[in-house]
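Visitor: Pasting a structure here, questions to come.
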Amino acid sequence: MKKLQKLLTLGLAAAGAAVLLTGCGKKALEDSDLEAASWDQITEAARDTTVTFYGWGGDENRNNWLNTTVADHVKENYGITLEVVGMDINDILTKLSGEKQAGSEKGSIDMIWINGENFYSAKDNGLLYGPFTHKLPNMEAYVDLEDPETLNDFCMPIEGYEAPYAKAQMVLYADTAVTPELPENAAEFMEFCKKYPGKVTYPALPDFTGSAFVRCLIYETCGWEQFQDMEADYDTVKTAIEPALSYLRELNPYLWNQGKTFPDSSTTVDAMFADGELVLDMSYGPFSVASGIEEGIYTDTTQTFVFDNGTIGNTNYMGIAFNSPNKAGAMVVINAILSGEIQLTQYAQLKELPVVDQDKLSAEEKAAFDAVELGQGILTQAELLSHRLPEMPASLVPVIEEIWLNEVVGK
């Protein structure tokens, strides 16, 4: 009887705690007091809920990773059901903007895959919830909080409105059995294109990869420092990049279709390279060649390279919608993705540069990362990071894209 009374007492105490957490916690966490909640309260409020993650759905490998590895992890540890929704970022922001204008306090989007000019626009227009990253234990445990890419996204202060997801860096690649020489700078790239006329091109801007490649050539010909605080004024930017515009116009006659037109997307350029129509390709995925070789798309002699002066690298991030119906759940999932365990699976399964600070990893975690076999035809993490250049302000990107359209295409 005493044992039964003790169990009943414990059960009532547990139920009372649950009521306190649910009644005081969940309601409060959904309203204005989320900031005051402890991480335990946030975790409890998130338990057994559903979290939606909206973002570009064109990467099947990433989709599979999210729907299995990540979803299984948050289900097992927190009872969270993760629903991954593929949607173009422009459509996501349009949806949120419409809800903002309509005064919708509870939407359907929790997490968002975002960065760059889209983050700039979303944050500027109040479409994101924050700051929230200071609440995440794994930010402190695994992320370099002083890293410029933790503090700024395309030179825009993040201020806790997004958490790092994965790192990207512009790389070039070619089949060394076809083109043994790999250009190390803009001058050599020009000579390379002259040697293989009509066999090199890049995606038409504003394609993400094409735009980044043009910015790399701008850095090559104009330097990068002056752009870090430049005003997003058409004439100012045009004057600053004039050497690059001259270079790009000079390059045109040697490109595919003589630079009169450019392929519509990086996907198209990838297919042209794989079919042998082009002898050079580019990607923001630094280990994409290894995946291509593994899948039989590229030859074993395909090799990744970067310019000696470096190439642009950036980080993509996870944000939370301003009217997310489950901000606590979103924070718990984001925190899980920042863990060494999940970042390791992203590195191993997707061959993506991790966002963890190597100095914060345990010896065991470091050994696990070092043991990952990334495949053939790639540069090491150390080689990439030592040739990594910062992005320019997001506000400059559409200005450069407009100038390119007016001053380069068909010129």
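Visitor: Suppose every Lys and Arg Cβ carries +1 and every Asp and Glu Cβ carries -1, with no other charges. What dipole size does the range 207-275 come out with about its Cα centre, to the nearest 20 debye?
Guide: Charge dipole, the range 207-275, about its Cα centre: 260 debye, nearest 20.
Visitor: Among Y129, A102, C155, which residue has its Cα positioned farthest towards the positive end of the charge dipole of the range 97-202, with +1 placed on the Cβ of Lys and Arg, -1 on the Cβ of Asp and Glu, and the dipole taken about the Cα centre?
Guide: Checked the options; the winner is A102.
Visitor: Okay, moving on. Using Cα centres only, tell me the gap between the range 152-196 and the range 343-367 in whole Å.
Guide: Their Cα centres are 22 Å away from one another.
Visitor: Tell me the trypsin sites (Lys or Arg not before Pro) within the range 183-265 that lie in a loop according to DSSP and have at most 13 other beta-carbon atoms within 10 Å.
Guide: Counting only loop positions with at most 13 other Cβ atoms within 10 Å, the trypsin sites (Lys or Arg not before Pro) in the range 183-265 are K260.
Visitor: In the range 188-279, carbon and sulfur make up what percent of the accessible area (probe 1.4 Å)?
Guide: Solvent-exposed carbon and sulfur of the range 188-279 make up 50 percent of the total.
Visitor: So, one more: Translational diffusion coefficient of the range 269-411 at 20 °C, 1.002 mPa s, Stokes-Einstein with Kirkwood Rh over Cα pairs, in µm²/s as a whole number.
Guide: D, rounded to a whole number, is 118 µm²/s.
Visitor: How much accessible area per residue does the chain have, in Å², with a 1.4 Å probe?
Guide: 44 Å²
Visitor: Given a 10 angstrom Cα cut-off, can you work out which residue in N64, N252, N323 is the most mobile in a GNM of the chain?
Guide: Most flexible of the set in this elastic network: N64.
Visitor: Continuing with this model, one more query. Rounded to the nearest 20 debye, what is the charge dipole size of the range 117-230 about its Cα centre when +1 sits on each Lys and Arg Cβ and -1 on each Asp and Glu Cβ?
Guide: Taking the Cα centre of the range 117-230 as origin, the dipole is about 460 debye.
Visitor: What is the distance in Å between the Cα centres of the range 300-337 and the range 206-271?
Guide: Result: 24 Å between the Cα centres.
Visitor: Quick check for me: using +1 on Lys/Arg Cβ and -1 on Asp/Glu Cβ, what's the dipole size of the chain about its Cα centre, in debye to the nearest 20?
Guide: Its charge dipole is roughly 1380 debye.
Visitor: If you project the alpha carbons of the range 120-204 onto the principal axes, what extent comes out on each, in Å, largest first?
Guide: Taking the Cα atoms of the range 120-204, the three principal extents are 54, 31, 18 Å.
Visitor: Still on this structure, I have one more. Return the sequence-ordered ³J(HN,Hα) values of the range 138-148 in whole Hz as given by the Karplus equation 6.51 cos²θ - 1.76 cosθ + 1.60 applied to θ = phi - 60°, using x for Gly and Pro.
Guide: Using θ = phi - 60°, the values come out as 6, 4, 5, 6, 10, 10, 6, 6, 9, 4, x Hz.
Visitor: How many percent of the accessible area of the range 78-142 is carbon or sulfur, using a 1.4 Å probe?
Guide: Using a 1.4 Å probe with all protein chains present, the range 78-142 comes out at 45 percent carbon and sulfur.
Visitor: Using a 1.4 Å probe on the protein heavy atoms only, what accessible surface does M190 show? Give it in Å² to the nearest 10.
Guide: Roll a 1.4 Å probe over it and M190 shows about 10 Å².
Visitor: Here is a follow-up. Percentage of Cα-Cα pair distances in the range 217-276 greater than 13 Å, rounded to whole percent?
Guide: So the pairs more than 13 Å apart make up 71 percent of the total in the range 217-276.
Visitor: How much of the DSSP bridge set in the chain is antiparallel, in percent, rounded to the nearest 5?
Guide: 70 percent
Visitor: Given the options Q346, Y196, L255, identify the residue whose Cα lies farthest towards the positive end of the charge dipole of the chain (+1 on Cβ of Lys, Arg; -1 on Cβ of Asp, Glu).
Guide: Most positive-ward Cα: Q346.
Visitor: While we're on this one: Per DSSP H run of n ≥ 4, the term is -39500 (n - 2.57); total these for the chain, divide by its residue number, and report the mean residue ellipticity at 222 nm rounded to 500 deg cm²/dmol.
Guide: -12000 deg cm²/dmol
Visitor: Hey, another quick one. Quote the Stokes-Einstein diffusion coefficient, in whole µm² s⁻¹, for the range 41-149, based on the Kirkwood radius over alpha carbon pairs, a temperature of 25 °C and a viscosity of 0.890 mPa s.
Guide: 157 µm²/s
Visitor: Calculate, axis by axis, the spread of Cα positions in the range 140-288 along the three principal axes, and write the results as whole Å, longest axis first.
Guide: Ordered largest first, the range 140-288 gives principal extents of 49, 37, 26 Å.
Visitor: Tell me, rounded to the nearest percent, the portion of alpha carbon pairs in the range 240-345 spaced more than 21 Å apart.
Guide: Across the range 240-345, Cα pairs with separations above 21 Å total 61 percent.
The values are calculated or read from the model by the stated rules, or taken from the named source; none is laboratory data. Because the structure is predicted, anything quoted here is derived from the model rather than measured. Positions of Cβ are generated from backbone atoms using ideal geometry, with glycine treated the same way; all protein chains shown enter the neighbour counts. The accessibility values were calculated without ligands, DNA or RNA, using every heavy atom of the protein model including side chains. Shrake-Rupley method; radii C 1.70, N 1.55, O 1.52, S 1.80 Å.
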